[in-house]
Structures are given as C-alpha cells and as structure tokens.
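The values are calculated or read from the model by the stated rules, or taken from the named source; none is laboratory data. Everything numeric here is computed off the predicted structure, so don't read it as measured data. Cβ placement follows ideal geometry from the backbone for every residue including glycine, while neighbour counts extend to all protein chains displayed. Surface accessibility is based on the protein's heavy atoms, side chains included, excluding ligands, DNA and RNA. Shrake-Rupley method; radii C 1.70, N 1.55, O 1.52, S 1.80 Å.
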Amino acid sequence: MAQRLLALAWTGCGCPKDILARVETDTRGLDRYLGVGPDVSLTIPAALLQRTWSVLEPWLPADERPSVGRDGSAYVITDLTTEVVAALRQVPPIRAEILIHEHPLPNDLADTILAAVATDRASISWDVCWPGNHTRTGFQLAINGVELWHTPAPPGHSLYVHVHPARPDLAYDLAAAVGGQVLGEPALGW
C-alpha cells in the first residue's frame, strides 16, 4: 500500500521529496542496521553508565560525552559502526534508536529497513506532495506497533497519510485510490 501511495505522489513541483526512518531496538540487534543508519542514540541506565561508557569511550570522538539526567541515566548519540556494536556486546542490552536522516527519493531505504527490522518497532516516513497539496504532506508506515499518533499504538502495521488540514477529504481519496480506507479520526501529526 505504501508503494501505491508513493506512486500517487505529485512529481510536478520542485518541493524536496525525501524518505527517513527511525527504529526502536536494543543493543542486541544493532548489527542488523550497520550500513543503514549513520547514527544510534543510546539510553544508558544509571546502573550501567560507568561500565557502558568504559567500553564505548575508545570508539567515540574525543569530545563526545553522554548527557546525564537527574536520575543518573545517560543519553548519547554516536556513529553506528562495527566497533561501537562490538563494544556494546560487552554490556547488558540497553535501549537504542537508529536514526536515518532524510534521503532524496527515489531510494530503497524502505526495503532495507523492512528486511532488517524483524520484531523491532520502526517508522518510515515519506515527505511527498499530493496534487495541489504541498505543506507537510506525505505518509508514514508504523511497523510492529510503534507509537506515532495514537496512545496506545495499534498493534501490527499502520499507514498514516498526512494531508493539509484544509483538505481532509484528500485522505479518503488517497485511501480509496490504493485500495484502503480511513480507519480513524484525523489527528495532529507532523
């Protein structure tokens, strides 16, 4: 359905058309994403901070330091490299998020993410224009129940279409054009 939506996107304008992705995982699955995303953000619990930092530090830029919260946990964003993945195997699993920044369309990023994601939660976003609709439009694929706009997130996979608030009818037209239907009420998104 996402491929059919992409085929409906308007190409007659000069707006940038991009794809980006975000994957929620833990450090046990990072090797699947080597070469996919440039960055990984890590949420390090306070109890593991010293141990984790000692194995990571040799592979980070000299000025890289974690951002430590009030509870003693830390957050760091770094390059996703084979050395970082190997270092993180030396500590218990911690939360990780892969960030894949905007890549111009056409691009096979969606296929790459879908091949790697397994049971990880992820979202893939396409910034595209719909005919006559250019402001913050496109669509997102929510994978494995990742929370985007609904709490709690629906299980499985969901496709969210972004249209201008002045054109809510366009969501119904796009859904019908790809063999789907609108399943929920409009929500604030991008």
query = Given the conditions (1) open to solvent by 80 Å² or more (accessible area, probe 1.4 Å); (2) in contact with a Ser or Thr (Cβ under 7 Å, 6 or more places away or on another chain), which single one is not true for residue 94?
reply = (1)
query = Among the residues of region 119-127, is any on the phi > 0 side of the Ramachandran plot, exposed (fewer than 15 other Cβ atoms within 10 Å of the Cβ) and of a type outside the set (A, V, I, L, M, F, W, C)?
reply = no
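Residue-wise test of (1) assigned to a strand (DSSP E or B); (2) within 12 Å of residue 6 (Cα to Cα); (3) of a type in the set (Lys, Arg); (4) touching an Asp or Glu at 6+ places or on another chain (Cβ under 9 Å).
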{"site": "106", "(1), (2), (3), (4)": "no, yes, no, no"}
{"site": "115", "(1), (2), (3), (4)": "no, no, no, no"}
{"site": "119", "(1), (2), (3), (4)": "no, no, no, no"}
{"site": "122", "(1), (2), (3), (4)": "yes, no, no, yes"}
{"site": "125", "(1), (2), (3), (4)": "yes, yes, no, yes"}
{"site": "140", "(1), (2), (3), (4)": "yes, yes, no, no"}
{"site": "145", "(1), (2), (3), (4)": "no, no, no, no"}
{"site": "155", "(1), (2), (3), (4)": "no, no, no, no"}
{"site": "160", "(1), (2), (3), (4)": "yes, no, no, no"}
request  = Could you please tell me which pairs satisfy a Cβ distance under 9 Å, a separation of 6+ or placement on different chains, a first residue in region 31-60 that is over 10 Å from residue 74 (Cα atoms) and part of a loop (DSSP other than H, G, I, E, B), and a second residue that is polar (S, T, N, Q) and open to solvent by 50 Å² or more (accessible area, probe 1.4 Å)?
outcome  = 34/82; 35/112; 36/112
message = Conditions first: (1) surrounded by 15 or more Cβ atoms within 10 Å (Cβ to Cβ); (2) at positive phi; (3) not basic (Lys, Arg). Residue 171 passes all but one, so which condition is the exception?
response = (2)
inquiry  = Out of 96, 86, I need the residue that is part of a helix (DSSP H, G or I) and among the aliphatic types (A, V, I, L, M). Which one?
reply    = 86
key: Residues located in region 97-118, provided they are among the β-branched types (Val, Ile, Thr) and either at pLDDT 95 or above or crowded, with 19+ Cβ neighbours inside 10 Å (or both)   = 98, 100, 113, 117
ask   = Which condition breaks for residue 136 when tested against (1) in a loop (DSSP other than H, G, I, E, B); (2) under 28 Å from residue 43 (Cα atoms)?
value = (2)
Residue among 9, 21, 2, 47 that alone is over 24 Å from the mean Cα position of the chain (by Cα) and at pLDDT 90 or above = 47
key: Lone unmet requirement of (1) more than 30 Å from residue 163 (Cα to Cα); (2) touching a residue at least 12 places away in the same chain (Cβ under 8 Å) for residue 119   = (1)
request  = Check whether at least one residue in region 46-66 is more than 25 Å from residue 160 (Cβ to Cβ) and touching a Phe, Trp or Tyr at 6+ places or on another chain (Cβ under 7 Å), and report yes or no.
outcome  = yes
